[in-house]
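S.K.: Submitted below is the structure of interest, expressed as structure tokens.
Rule-based calculations on the coordinates, nothing more; no lab input. Because the structure is a prediction, the values reported are computed rather than measured. Every residue, glycine as well, gets a Cβ built from its backbone with ideal geometry; the counts of neighbours run over all protein chains shown.
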Amino acid sequence: MPVSIVIGSQWGDEGKGKITDLMSPDFDVVARYQGGANAGHTIVWEDEEGNDEEFVLHLVPSGIFHENVTCVIGNGVVLDPKAVLDEIEKIQSLGIEVEDRLKISHNAHLIMPYHKAVEAAQEEERASASDDDAIGTTGRGIGPAYTDKFARSGIRVVDLLDRDVLRQKLRRSIEEKNAILRDIYDAEALDVDRIVEEYVEFDQRIDSFVTDTSKYLCNALDDGADVLAEGAQGSLLDVDFGSYPYVTSSHPTAGGCCTGLGVPPTAVDRVLGIAKAYCTRVGNGPFPTELDNEAGEALRQKGGEFGATTGRPRRCGWLDLVALRYTSMINGFNDLAITKLDILSGMEELKVCTQYRYDGKKTRRFPSEAQTLEKVDPVYETLPGWSEDITDVRHFHELPTEAKDYLAFIGEYLDVDVGMVSNGPRRDQIISDVEQPAAA
Ligand code: IMP
């Protein structure tokens, strides 16, 4: 009855969607436990004519493309009802059955237009401050929706199913948010009636998907099902453990799985960390190994490092093992999948950050508070690169020695096995027979 968790170990965009999609056929259920439509999980496959097809999932779990898998959107997700219904329609238009295969938690909180409006006003205000401290959010209303959840004034999926309750709650919320928009941010108020009418219409469309997903998952586990829990964003964006305040408002880390799905921690038997072979970050906040130069631009172009949700260029930098060691510690990774190794082909040398210098001293401690992280300097080790294109490699032994050494260096530093290597966006571009270095 085990649960396996797939977690981003950096600042998001590590390629969790591809790994979850690949692993899905071995699972009965794939369940998203946090975040919202701020995520963008890209799946690429080859169609019958041999052309690459791509689909970016924002809310529906990455198991939806495998017909024997049931997908769950858990209570920990903040759900934009319009976005999820549009996404369901798009998936159905590919001829994929969704109706009986997707379950949405009745307890998930909803993202409403006023969450996006408040977020936009807040970000504008922060950006215009003398120290420009905007978070650089995705603009999907995530922070304000989680704020309402914890302030106990949120509207949940279950409320969509009762028009009278919804009308009453929406009216109260919109009036409150309008006061904030008008009086604090000097922003335009929203039309209460228009929003109420738009949202009461969602009840019939969403009804058949809504259920008590915690009960469903616990029963499935009791019946021997295998569940794959899919995290969104990355551990360094966790609201408690990330580079606060430059974080998202949920828990992408392992603990978020239990509270975000309503499954017991004793059911979890594997935590798989996904790490890109280098680092990227979208939005603002400290990034010690950032390459604000030609090398960073080269990674961005070759790696197609542009946000799957917002299209923003991602900031790029060298692999940061200090940060990865920290996220491995808080998540307890059993193994790691390294993605986008192919992007490093052609680089003469590869730098890997193994320590930070802070206040004149070297340290392997990752300070998650932004004000300290901003002041650290990365200390690098330099490893030899490789020139070969590795996108057609399917077995570990075919990799250039330098690529094998790069992977071994990561595994040894973290004391975690690298079990999978992704070397291209397509499903078949995966190396699963990674040999572990002999113990010293
Ligand atoms: P929010 O989650 O939209 O509130 O954004 C907060 C921070 O998390 C911003 O820096 C975003 O760029 C970042 N972020 C949110 N979702 C993702 C993601 O899926 N990948 C990478 N960064 C993300």
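S.K.: Between ASP191 and ASP131, what length in nm is gained on full extension when 0.36 nm per residue of separation is reduced by their alpha carbon distance?
M.R.: Contour length minus Cα-Cα distance gives 18.3 nm.
S.K.: Sort GLU374, GLU99, GLU230 by Cβ crowding within 10 Å, fewest neighbours at the top.
M.R.: GLU99, GLU374, GLU230
S.K.: Counting only C-alpha contacts under 8 Å and six or more residues apart, can you give the relative contact order of the range 109-208 as a whole percent?
M.R.: Relative contact order for the range 109-208 comes out at 30 percent.
S.K.: A follow-up question, please. Hey, could you pull the Cα Rg and Dmax for the chain, both in Å?
M.R.: 21.9, 69
S.K.: I want to make sure I understand the PRE zone here: with the label point 7 angstrom from the Cα of ASP222 toward its beta carbon, which residues in the range 1-35 have backbone N atoms less than 19 Å away?
M.R.: Residues passing the 19 Å test: 1-3, 28-29.
S.K.: A further question on this structure: Could you size up the charge dipole of the chain around its Cα centre, putting +1 on the beta carbon of Lys and Arg and -1 on that of Asp and Glu, and report it in debye to the nearest 20?
M.R.: The dipole of the chain has a size of about 1360 debye.
S.K.: Any idea what the relative contact order of the range 147-192 is, in percent, if you count C-alpha pairs under 8 Å spaced at least 6 apart?
M.R.: This gives 24 percent for the range 147-192.
S.K.: A follow-up question, please. Hey, what number do you get for the chain at 222 nm if only DSSP H runs of n ≥ 4 count, each worth -39500 (n - 2.57), divided across all residues, to the nearest 500?
M.R.: Theoretical 222 nm ellipticity from helices: -9000 deg cm²/dmol.
S.K.: Taking square-rooted eigenvalues a ≥ b ≥ c of the alpha carbon gyration tensor, is the range 33-189 rounded, prolate or oblate, where a/c under 1.5 means rounded and, failing that, a/b exceeding b/c means prolate?
M.R.: Verdict is oblate for the range 33-189.
S.K.: Then there is this: Could you give the length gained by full extension between THR266 and GLU348, i.e. 0.36 nm per residue of separation minus their alpha carbon distance, to one decimal place?
M.R.: Here the answer is 24.9 nm.
S.K.: While we're on this one: So which DSSP H runs in the chain come out at 30 Å plus along the axis (Cα) with average Kyte-Doolittle of at least 1.6?
M.R.: none
S.K.: Here is a further query. Subtracting the Cα-Cα distance from 0.36 nm times the residue separation, let me have the gained length for ASP428 to ASN51 in nm, one decimal.
M.R.: Gain on stretching ASP428 to ASN51: 134.4 nm.
S.K.: Where a ≥ b ≥ c are the square roots of the eigenvalues of the C-alpha gyration tensor, would you call the range 1-58 rounded, which needs a/c under 1.5, or, failing that, prolate if a/b is larger than b/c, or oblate?
M.R.: Cα axes put the range 1-58 in the oblate bin.
S.K.: With 13 Å as the cut-off, how large is the P(r) tail for the range 322-387, expressed as percent of Cα-Cα pairs?
M.R.: In whole percent, the share of Cα-Cα pairs in the range 322-387 beyond 13 Å is 71.
S.K.: Then there is this: As a footprinting exposure proxy, order SER128, SER62 by other Cβ within 10 Å, with the fewest listed first.
M.R.: SER128, SER62
S.K.: Can I ask one more? For the range 109-208, which semi-axes, largest first and in whole Å, follow from the square roots of 5 times the eigenvalues of its Cα gyration tensor?
M.R.: Each semi-axis is the square root of five times an eigenvalue, giving 27, 14, 11 Å.
S.K.: Please rank TYR356, TYR413, TYR199, fewest neighbouring Cβ atoms within 10 Å first, as an exposure proxy.
M.R.: If I rank by nearby Cβ atoms, fewest first, I get TYR413, TYR199, TYR356.
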